[in-house]
Structures are given as structure tokens and as C-alpha cells.
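For reference, the structure is listed below as C-alpha cells.
The values are calculated or read from the model by the stated rules, or taken from the named source; none is laboratory data. Source: prediction; values computed, not measured. Please note: Cβ atoms are built from the backbone with ideal geometry, for glycine as well, and neighbour counts cover all protein chains shown. Accessible surface areas use protein heavy atoms only, side chains included; no ligands, DNA or RNA. Shrake-Rupley method; radii C 1.70, N 1.55, O 1.52, S 1.80 Å.
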Amino acid sequence: MPYEHITVETRDNVGVITLNRPKALNALSGALMNEVAEAVDAFEGDDAIGASILTGGEKAFAAGADIKEMKDKVYMEAYREDFITAKWERIAHSRKPIIAAVAGYALGGGCELAMMCDFIIAADNAKFGQPEITIGIIPGAGGTQRLTRFVGKSKAMDMVLTGRMMEADEAERCGLVSRVVSPDRLMEEALTAAKRIADYERNTVMAAKEMVDRAYETTLAEGIRFERRMFQSLFGTPGQVEGMDAFADKRRPKFNRS
Ligand code: DAK
């Protein structure tokens, strides 16, 4: 399918979505987000794909929602058309893992989009921020909620109230980012991680992702109870049988990749 604002490719069993509006620092217009949602749908429905990467350019992952597109909105219009909401949630609802590979600016909606992915690998030139306060609004795609859960209240308040940017090393220290690499190694690192995930048994990967996501949405007791049931449900599945047989036989497991 031809896309105008993103590029989409596959590398073996890994899907790669690249935000591609470099002149606007990948500002997230409605049209761009529609395309991202379509690409996520396509990878989700493709049995050959086990994991995906969402990335941007060298200068910007994404500098936020498109300010020029939204600057004249008024509340009743935004409410009626559910302004840019539905498509933004698509990434967060993907059942297959998506890694954000972030170089340069990840600001406002860009930071929120990265946080909707399962984890973030950052180039050392990455800059994260929720600068909405500087243009008279507040984060609207989960920034006040996800950032607070990921980095804690003090750091989230600092970011949201001052609008300052956080460099990659600070983002890694406070748990927003899982790894930091040099910009030239960013895609290689993300592809290696995604391929490693995509090569495991598909159902096991989906169950593991679902359980970690659940940690953000439920109490500890309920989460642990659900984890116990999910853990037990994997016994007798092809992944568990092959994984444990291979271990006992001292050979590499051959997991089902679809
Ligand atoms: N929107 C539109 N255009 C943008 C943009 C943005 N967010 N960011 C940059 N651009 C454009 C610039 O206007 C400029 O275009 P031209 O003038 O060349 O036509 C071009 O990209 C290059 O930008 P600069 O000339 O500004 O480049 P610099 O290197 O000087 O500065 C910068 C880079 C990232 C520091 C600066 O561009 C900047 O401050 N950008 C805005 C950052 C920002 O405030 N982001 C937050 C936007 S609010 C929601 C979903 C999402 C959201 C809300 C609700 N729902 C689901 C309900 C999200 C809201 C936001 O993200």
C-alpha cells in the first residue's frame, strides 16, 4: 500500500515503520497517524511478522502533534470529531511487540507515541520532553499518565510543568528508555532486539507482553493472580513443549514463528 507520510518495510520477520515528514520534524498530522495505524493493522494481521519497530529520522523521532494543523481547533469541534484520538491508541493496543527506536527530538505527542510502544531504544542524541505547556496546552495522548508511571511523580512534574527536555542518558537513568546507543547503531540494535523477540514462540511473546502491560492497569494482587493463570496456561503449548524438550536435549529450540 502506498504511504505518503511514513515508509514501511519488512526485514525477515520484523516490520519497520518509519515516520517520514523530515521537513516538519515528523510532526504527527492526522494523516500521518492514520497511516501509522494502518501499518500497525497490517503487521498485526500478517502471520509472518513477529515484532515491529517504530522509528523516525536522525534529527527527530517526532517533534509532537502537528501544531499548525491543530492551532485553530475549538473544543466542540475537537470533541465531536474525537480529535486525533482513535488512531493514536492503535499502537498502544497492538498485541505484537513494537519497539520505539528514537533519535533526536521525541517531544509532546512524539514522546507519548514512543511511550505507547513496548520499550524505547534511544540514540545518544535523543531528547525527550512534554513541552505542551510552552504552547498553552497540556499533554493529551497519555503524557501526564504514562510518563508519571514510568519515571515517577517528581520527574514527570518537572517535565510537564517546566516543559524542559531530557537527554538520553537521563531518560535511561530514570527508566524511560531501556538502552542508549550511538546514532549509527540505533537501527541495528533495534532490529537485533526485534528479531530476537520475533524468533520466540508467538503465543508466548504475546502472553508475556500482555502480562507486563497488565502491571500498569491493575493491582499487584490481581496482576500476580492473572500472571499465575497465564503462566499455567502455557503448559502443553507448542512453545513450552519445544522449549523445555530442547533444553533437556541440549539443542536450540525451533519455535513456531507464526
Ligand atoms: N508541528 C508542526 N510543525 C513543526 C512542529 C510541530 N510540532 N515541530 C517542528 N515543526 C516544523 C517547524 O515549524 C519548521 O517548519 P518550517 O518553518 O520550516 O516550515 C520545521 O518543522 C523545523 O522546525 P524548527 O525550525 O523549529 O527547527 P529547530 O531545530 O529550530 O527546533 C524544535 C526544533 C523541536 C525545538 C522546535 O521545532 C519545536 O519546539 N517544535 C515544537 C515542539 C512542541 O511544542 N511539541 C509539542 C506539540 S503539542 C492527542 C494526541 C497528541 C497530542 C495531543 C492530543 N490526542 C490523542 C487527543 C500532542 C500534542 C503535542 O504534541
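Remarks
- Number of the exception - Asp158 against (1) of a type in the set (D, E, K, R); (2) modelled with pLDDT under 95; (3) part of a helix (DSSP H, G or I): (2)
- All positions within the stretch 171-189 that are in contact with a strand residue (DSSP E or B) (Cβ under 9 Å, 6 or more places away or on another chain) and either at pLDDT below 95 or under 18 Å from Thr144 (Cα atoms) (or both): Ala171, Cys174, Leu176, Val177
- Taking every residue in the stretch 126-145 that is within 19 Å of Met70 (Cα to Cα) and open to solvent by 20 Å² or more (accessible area, probe 1.4 Å) and pairing it with any residue that is of a type in the set (Gly, Ala, Ser) and in a loop (DSSP other than H, G, I, E, B), at least 6 positions away or on another chain, the pairs with Cβ-Cβ distances below 8 Å are Pro131/Gly64; Pro131/Gly108; Pro131/Gly163; Ile133/Gly163; Thr134/Gly163.
- Residue identified as over 28 Å from Glu189 (Cα atoms), within 13 Å of the ligand (Cβ to nearest atom) and modelled with pLDDT under 95 among Thr134, Thr85: Thr85
- Long-range neighbours under 9 Å by Cβ, at least six apart or interchain, first residue on the phi < 0 side of the Ramachandran plot within the stretch 217-233, second surrounded by fewer than 11 Cβ atoms within 10 Å (Cβ to Cβ) and of a type in the set (Asp, Glu): Gly223/Glu217
- Summed over the stretch 47-84, residues that are in a helix (DSSP H, G or I) and touching a residue at least 24 places away in the same chain (Cβ under 8 Å) total 3.
- The residue of the stretch 203-227 that is nearest to Ala123 (Cα to Cα), among those that are open to solvent by 70 Å² or more (accessible area, probe 1.4 Å) and β-branched (Val, Ile, Thr), is Val212.
- Any hit, the stretch 91-98, residues being open to solvent by 10 Å² or more (accessible area, probe 1.4 Å) and without any contact (Cβ under 8 Å) to a residue 24 or more places away in the chain: yes
- Filtering the stretch 216-252 to residues that are in a loop (DSSP other than H, G, I, E, B) and under 22 Å from Arg196 (Cβ atoms) leaves Leu234, Thr237, Asp249, Lys250, Arg251, Arg252.
- Picking from residues in the stretch 105-114 that are open to solvent by less than 10 Å² (accessible area, probe 1.4 Å) and in contact with a helix residue (DSSP H, G or I) (Cβ under 6 Å, 6 or more places away or on another chain), the one that is farthest from the ligand (Cβ to nearest atom) is Ala106.
- Of the residues making up the stretch 91-114, those that are under 12 Å from the mean Cα position of the chain (by Cα), of a type in the set (A, V, I, L, M, F, W, C) and not in a strand (DSSP E or B) are Ile91, Ala92, Cys111, Leu113, Ala114.
- Of all residues making up the stretch 115-131, the number that are part of a helix (DSSP H, G or I) and either away from the ligand (no atom under 12 Å from the Cβ) or aliphatic (A, V, I, L, M) (or both): 2
- Checking Tyr200 against (1) assigned to a helix (DSSP H, G or I); (2) crowded, with 18+ Cβ neighbours inside 10 Å, the condition it does not meet: (1)
- All of (1) more than 17 Å from Met116 (Cβ to Cβ); (2) open to solvent by 10 Å² or more (accessible area, probe 1.4 Å) hold for Gly50 with one exception: (2).
- Residue that is most open to solvent (accessible area, probe 1.4 Å) [pool: residues in the stretch 156-193 that are of a type outside the set (Gly, Ala, Ser) and closer than 16 Å to Glu112 by Cβ]: Met165
- Of the listed requirements (1) more than 23 Å from the chain's Cα centre (by Cα); (2) more than 27 Å from Asp46 (Cβ to Cβ); (3) β-branched (Val, Ile, Thr), Thr218 misses just one: (1).
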